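Input: a single structure, listed below in structure tokens.
Nothing in this text is a laboratory measurement; each read-out follows from the coordinates by a stated rule. Computed from a prediction, not measured in an experiment: that's the story for all the values here. As a convention, Cβ positions derive from the backbone with ideal geometry for all residues, glycine included, and neighbour counts pool all protein chains shown.
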């Protein structure tokens with residue numbers, strides 16, 4: 001497993017008039033879920049389907 005960086009575009013398919021958000025994502029190659037920051041959720045007017053606490057591991061580049 002390794003850390004992957006990607007440029008992604010997020011949009012809300014239920015609100016097509018909202019501008020998409022372009023951002024850079026960092027993810028472990030074994031991840032199965034996507035978490036987005038609250039400010040992006042609010043910007044895209046997305047509904048939460050679940051909330052969990054998490055912590056980030058120390059990563060050295």
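Please give the contour-minus-distance gain from residue 26 to residue 7: 0.36 nm per residue of separation, less the Cα-Cα distance, rounded to one decimal in nm.
Result: 5.9 nm gained on full extension.
What FRET efficiency, computed as 1/(1 + (r/R0)^6) with R0 = 30 Å and r the Cβ-Cβ distance, is obtained for residue 53 and residue 16, rounded to the nearest 0.05?
0.40
For the chain, with equal point scatterers placed on the C-alpha atoms only and solvent neglected, what are the log10 I(q)/I(0) values from the Debye formula at q = 0.18 1/Å, to two decimals? With no solvent term, the Cα-only Debye profile gives -0.79.
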